[in-house]
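Down below is the structure, laid out as structure tokens.
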Amino acid sequence: MNTQQKQDGFKGERMIVLPTEAFQPFVAHPQVARLYLTDVGLFPKALHHFRERKEGIEEYIFLYCMEGSGTIQLSGQPDVVLKEGDAFCIPPATGHRYFADPVDPWSILWVHFKGSDVGLFPLDPPRKVSMNSSLATDRLAFLFQLLFRVLDSNYTLGNFIYISQVLSLILGEVYFREKHDSTAEPNRQVTQIVRYMSAHLKDNLTLDDLAEHFSLSKSYISQIFQKYTSHAPIDFYIRLRMTEACKQLRLSDARVYEVADALGYQDPYYFSRIFKKIIGMSPREYQTHGSNIIPKELL
């Protein structure tokens, strides 16, 4: 082993190794026995990281590369290079070594686990899984933070049942969740947000509302909307509302204040100003003279 390589001790690392007596009393419980961890950690920018176990260990070893790269070597198998968004699970009793790239060292989330449910996941034979989603790392980091948070508290049956559920989510995220190409992900998100907007035309949605509902940052939503619609999110939302206003004015004899109220505008005069700004004429003029025209910028 290169003398510069080391096994642990990285700035910002999180590592929890459970003593057997911490979880052994609860393993007999059916919800814990299904899936439980023995070790879990985060190694950020793990320069010179190296680990070798010639005989392997009793547990599965799950590794997820958040950034950078590293190499996994299993006895008698080709090297596996993990890069950002890649996951790999080393089977029990399998000789192995893994190490960070010396130039671009990986940041990895890892967990050792076992349980009666491991056979329900496609862990054998081992294979690299590429997540292909810009949000996958955020989701997995969040799930690992849940593990750290619970393990920083008391070792109780309730907490170990909870840990079992989170572990199942982590493996489900990697092995069962539908993978999306990262270039298509933003377009899919815009579609979802537009559908949500269309279903809530009278709710006076704000950018904060959208960010909270979809667990995305306001800046990210603004960025993808500008890219795929050429409009800011709330500007697009207002145009959806005005499109619906045109429809109601065109297909009914509803009064302007009734249309305004149906779309969540308490002040009909404010509604009329917004309508005229976007459509180019007042609601009454549109209903009387222009109801056969929908401005192109709304389509």
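No lab work stands behind these numbers, since they all come straight from the coordinates. None of the values given here were measured: they were computed from a predicted structure. Methodologically, a virtual Cβ is constructed for each residue, glycine included, from the backbone with ideal geometry; neighbour enumeration extends over all protein chains shown.
See the values below:
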read-out	value
Meets criteria (surrounded by 18 or more Cβ atoms within 10 Å (Cβ to Cβ) and more than 19 Å from Glu84 (Cβ to Cβ)) for Leu140	no
Val103, sole failed condition from (1) of a type in the set (A, V, I, L, M); (2) crowded, with 16+ Cβ neighbours inside 10 Å; (3) without any contact (Cβ under 8 Å) to a residue 12 or more places away in the chain	(2)
Among (1) under 17 Å from Leu171 (Cα atoms); (2) assigned to a loop (DSSP other than H, G, I, E, B); (3) among the polar types (S, T, N, Q), the one test that Thr94 misses	(1)
Of all residues in segment 114-137 being of a type in the set (Ser, Thr, Tyr) and in contact with a strand residue (DSSP E or B) (Cβ under 8 Å, 6 or more places away or on another chain), the one that is surrounded by the most Cβ atoms within 10 Å (Cβ to Cβ)	Thr137
Failed item in (1) surrounded by fewer than 16 Cβ atoms within 10 Å (Cβ to Cβ); (2) assigned to a strand (DSSP E or B), with Phe62 passing the rest	(1)
Filtered residue count, segment 217-240, keeping only those that are in contact (Cβ under 8 Å) with a residue 40 or more places away in the chain and loosely packed, with under 15 Cβ neighbours inside 10 Å	1
Residue satisfying condition, being outside any loop (DSSP other than H, G, I, E, B) and either more than 27 Å from Ala28 (Cβ to Cβ) or of a type in the set (A, V, I, L, M) (or both), within set Gly70, Gly76, Gly119	Gly70
Output for segment 81-91, where each listed residue is part of a strand (DSSP E or B) and either out of contact with any strand residue (DSSP E or B) (no Cβ under 6 Å at 6 or more places or on another chain) or over 17 Å from Asn132 (Cβ atoms) (or both)	Cys89, Ile90
Search result, residues across segment 137-161 that are under 20 Å from the mean Cα position of the chain (by Cα) and free of Cβ contacts under 8 Å to residues at least 40 places away in the same chain	Asp138, Arg139, Phe142, Leu143, Gln145, Leu146, Arg149
Which listed residue, of Thr206, Thr243, is crowded, with 17+ Cβ neighbours inside 10 Å and at negative phi	Thr243
Top-ranked residue of segment 246-264 - restricted to ones that are in contact (Cβ under 8 Å) with a residue 12 or more places away in the chain and not in a helix (DSSP H, G or I), ranked as surrounded by the most Cβ atoms within 10 Å (Cβ to Cβ)	Leu263
